[in-house]
Every structure is written in structure tokens, then in C-alpha cells.
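Here is the structure we will look at, set down as C-alpha cells.
Nothing in this text is a laboratory measurement; each read-out follows from the coordinates by a stated rule. Note that the structure is predicted; figures quoted are calculated from it, not measured. Virtual Cβ from ideal backbone geometry, glycine too; neighbours counted across all protein chains shown.
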Amino acid sequence: MRLVAIRARAFTQQTIGFVRSVVVRSLAFVLLCPVPISVAQNDIQPEQTVALTSKDSVVATHEMVVAAHPLAVDAGLNVLERGGTAIDAMVAVQMVLNLVEPQSSGIGGGAFLLYHDAQTQSLISLDGREFAPQRADETLFLDDDGKPRRWFDVVPGGLSVGVPGTLALMDHAHSRFGRLEWDTLFEQAIALATNGFSVSPRLSKSLDGYGGKRLQQFTEASDYFFPNGRPLQPGDLLKNPQFVETLRTIQRDRGESFYRGQIAGEIVASVKESVLNAGLMDREDLAAYQTIERTPVCSQYRGHQICGMGPPSSGGVTVAQILGILEFFNLEMLGPEHPMTWHLFVEAGKLAFADRNLFLADPDFTEAPIDALLAREYLRNRAALIDLNGAMAVPVKAGTPVDTVSLSPDTTDGLPGTSHVSIIDRDGNAVSLTTTIESGFGSGLFTSGFLLNNELTDFSFRPQKNGKPVANRVEPRKRPRSSMAPTIIYGPDGSLKYVLGSPGGSRIISYVAQTIVALIDFDMSPQEAVNQGRISSRNGSIDIEKGTEMMAFGSALMSKGNAVKARDLNSGIHVIKVEPDQLTGGADPRREGIARGR
Ligand code: GLY
């Protein structure tokens, strides 16, 4: 039986009865016929989950910062205390994250920002995504026979490094929305880099795995992360004098040296002279970098306005499609404990990822039909494809929101190396920043005290398939498709209600969509929503998080025909809920972040 376009409000008693009976049957199946769920083998997670420590929601009255490391949160709060805006605080937080969580983000990478400006009640989005060098083309990751090289072979070294955008984004955002002097935003990062900071368990643990092996292929990174040949241990005092120099330079010149001067020269030398995979970046590429202000992607979900980042990130559109499909089902009635909820969630994920893989890429090269992809009638037709009794076979095909499509899909998956920052200041301005160097420890190239990204591996290695081009193929000065989904949500009365986002490679999309469902449909607190076991559906096998309540749904999902894998799912969701007299923050227990406010 197909569930054709059941609108939430028009959910009939008959359908409710049907759904209930399916739920009961599914639950019975879970209880009576447990099927062993395969545990993912060779599960490379360059960003490590630390112990799942329970955290409580944090409540404040005026301002709040939620980020992946307490020292970064302190830096942001310090700026807010001095009268800075959320944007001022964001600069301070990012610079400290670069130092204390170097595996995830920094000025060697790229970022996307959603910013709610309280005074004008407007929302802007900034694209600080890396781009490919001018000399790169669609053969970048092909071997001599024209075949795609292995992902693991091309990540280390210069070939995968995109022209970094995070610093330009910080400068741009601060010029428009900052209040404090730029040079005052670096003091905490400089003090920590000068005097040293305590290496965290997660940074140390990350050095154990694949990311650490990559670093050891490069002298500069080895010297810093493996002093005397031994990986940094939790509690080691780590100083970064090179980064102090870089920060002092940026303090003085706002990025002039980084994009056009001495630091640019060091970046280019590091990329071009890499002992592995020498890259193609020239000084002209750095000098040409521009932050782009783009129109945010906003859509309705159960009376709320959900706003996210448009292409080149696929995050905003794909989250909006998942929610747009789910809106035809009554999740509130089903609740988080019914297997049917997660059946619907994974089927919506398959449909949305099919469209993402075909259509979404850098809009300056291939314009995606975003309005058509998010049109209610189109999503109603997509929702009608969901069969309550069985899983759609994967890969599900993309839809036809527009008539002529001459593209091939790209199913490139990144490995997660990213961080999310949520901030509210006392004027009500909000920052939702997702920031990345792509895989944990990026390309492994360490120059001027920071790591360079491997963002170009977010491009499709294959430029075409079956004679049709892939929208996300490599082209000169093009930005690779991202999955980052910084999100700002307005309530039914139009007021700012939630600020959130997550790291996690292309699973970011599932993590953010699941969290929004938890907040809106299940009315969970930010911390409850963040704590939920994770489930991810990307038009392939279904991932569920080992050791969580989500494992209970594995058998039901398998019985419907899905391949299900249990694995660590290291989201890093950071949420702030805004109410008239209160801010409530939740920080992901899988990482080391915290929410703090006053
Ligand atoms: N590199 C992670 C992302 O952009 O989605």
C-alpha cells in the first residue's frame, strides 16, 4: 500500500489505525525476531568520538556560545562580555578552535555562515567555501588511464588543497557586523598559542587513527603532532609559536599577507612542493579569493521557517527536502519510539539524497532548480513514493522537478572533519557557522602553524558518466559541493527560535534533519535532541549509532529491506533555543564541546 500525500492535519483515523498496526507489527518483529545488524568493518573515523558523556541543557538569559571546545567557548564569551557582537565572538571562537581542535577547522579551510541580524530582522548567508586552483580541471583526480584515483591516495598532500576561505569570511563578516576592533579578537588565541594549552583526549585519540598516519607523512605536521616521534597525549602542554606569528600578522593586516603576501607564499610552496601529490595552487589563486554573499534557502516546516545554506552546499536544500517530504506524515503522533518514524525518515533521506547527488553543485557553474526541488507539489509526489510496508531499493532515482536534465549523479562521500559554532549575543544577533578542513587533519600539510584542507576531494572524481557530465565535477575556480548545513529557524510568529548545525561529512544532513524533527515534532529540549542516537540515510545502506537506543530499530529497518550498519556516528550538534526570557543550549556529548552563557 502506498501512502499518498497524507497531510499532517488531514491524517485520517483510518490511516492512523493503519500506521498503528504497522507500528505494532514492526515492534513485534523487533522483539521476536532480532536480526543481527552488521557492525561496520574498516570503519575509518578520522574524527573520533570520545566517551558519550551525558550533558545537561544549559540555560542563560542574555547571550550564549556553543562550540566544540571549552577554551573556544570561553574566548567567545569573553568577547561578548566586552560588548562584542555574535560576529566578533565568532572570530575569536574560530581562531581558538583552529588551535585546540586543529583536526576539524581553521584558517586553512572553508566555512559557511548564516547570520541573523536583530536590528534589521534580516538573514544573510556567507559562502567562504574553498575553490579549485585555476590550473585544476576535471582530470584532477584521474589516473593516466582516465580512471578515478582512490580517495585515500589523493587526500594527503597538495593536490586536494582548495584555496582557503575561512579567513576571508571572518574579515567580510566582521567588516559588516563587527563592533569591537578586529585586532582585539585574537588575544585569547595568541595567549593560548604562546603559553600552551592542554591537549584534549579527542585530539590525542584522533592521532591514533588514519588521520595521524597521514600527518606522519609530512615533516612539519609530524614535528608538531608527534614530538619526539610520540603522538601528543591528553594533558600535554602544546604551544604553537608559528601560529602566534600568523595570528599577529592577521591581527595587523586582516589577511593581506595570507592572501597576497608572505603567508600566501608559504601556503603555495607547501602545496606545490608537497612530497606527496604536489598541487596546482598559485599565488594568483589566493589573491583572487572572494567571500560570496548568497541568498539563504528557506522553507516551511510545520509552521516554522527553516533557513539553511544554499549551493555550493547541498545542506540547506537537502535538509529542506527531507523535512518537506516528512511534513506529509504525522511524526508527532508516531513519536520517536515508533519504528515507522525511522522508516519514514530513512526513506525521505533516500529521496532527498537522490536529488542532491544529481542537481547540487557550485551555482556559479551549474544552476540547480532549487524552487522546483522544494515546491510543495513536487515533494508531495516524492512523498507518495514511500511505501509503508517496504524500503525503496537503493539507489533511488532522482526526480524530475524540471523537464530536461542532462546530468549524471555524484555520490562522493567525505570523511567528517568539521566543527559547528552557534552564538547568540545580547542584542539577539545569531551566528550559525559550520567550518571545516574536510577530513580530520585535512591534507596533512601544516604551514605557518595551521593545517591546509583537502576540500577538493568533495568534488566528484568522475567528470562524467554514461556520456553525461556530473554537476559537481572539478573545474577551475569552482567550489566543491558541501553538505554543511548551518541552520537558523524562525517560529510560527516569525521570531528567531533555533540556531543549530553539525559536523559529520555528508551525514551532516541526516544529523541536522533528525535534530529538527526532534525539536519541532517531538518538542525535545536542545540537549535531548542532541543526545538522541543518530541515524543516517544517504540513498545507500542505513547507518545507526552503536550503543544507542537507535539500535532497537535496526531489525525493523532490515525487515523492510534495508541494509543496516551499526557504527560510531560522531555528530557534533550544537543548538541554541531562543525564548523571550531564556536561551537554552545543547552540546553534543560525542565531542568535547559545551554550551555556556550568561
Ligand atoms: N567537507 C565537508 C563538507 O563540506 O560537507
**Between helix 508-520 and the chain: long-axis angle, C-alpha atoms, 0 to 90°, nearest 10** = 60
**Message:** Suppose each label sits 7 Å from its Cα in the direction of the beta carbon; what would the Arg150-Asp523 distance come out to in nanometres?
**Reply:** 5.3
**Rg/Rh (Cα only; Kirkwood hydrodynamic radius) as it applies to the chain** = 0.95
**For the stretch 341-350, Karplus couplings with θ = phi - 60° (6.51, -1.76, 1.60), whole Hz, Gly/Pro x** = 4, 7, 4, 4, 4, 6, 5, 4, x, 4
**Complete:** With a Förster distance of 51 angstrom and the Cβ-Cβ distance between Ser495 and Ala393, calculated FRET efficiency to the nearest 0.05 equals 0.75
**Request:** Please find the FRET efficiency linking Lys205 to Glu181, where r is the Cβ-Cβ separation and R0 is fixed at 41 Å, and quote it to the nearest 0.05.
**Result:** 0.65
**Message:** Going by average Cβ density within 10 Å per residue, which order do the peptides 179-190, 163-174 take, highest to lowest?
**Reply:** 163-174, 179-190
**Message:** Suppose each label sits 7 Å from its Cα in the direction of the beta carbon; what would the Asp364-Val275 distance come out to in nanometres?
**Reply:** 3.5
**Prompt:** Which far-off residues, 5 or more places away or on another chain, put their amide H under 5 Å from the one on Glu63, with H placed in the peptide plane?
**Reply:** Arg598
**Request:** Report the calculated FRET efficiency for Asn195 and Ala287 (r = Cβ-Cβ distance, R0 = 35 Å), to the nearest 0.05.
**Result:** 0.55
**Prompt:** Hey, what angle do you get for helix 70-81 against the long axis of the chain, alpha-carbon based, 0 to 90 degrees rounded to 10?
**Reply:** 80
**Message:** Given the stretch 431-476, report the % of alpha carbon pairs whose separation exceeds 13 Å.
**Reply:** 65
**Prompt:** For labels at Asn228 and Lys468 in the simple 7 Å Cα→Cβ model, what's the distance in nm?
**Reply:** 5.9
**Prompt:** Taking Cα atoms, how many degrees apart are the long axis of helix 241-253 and the longest axis of the chain, rounded to 10 and kept between 0 and 90?
**Reply:** 90
**Prompt:** Highest mean first, what order results for 150-159, 295-304 on Cβ atoms within 10 Å?
**Reply:** 150-159, 295-304
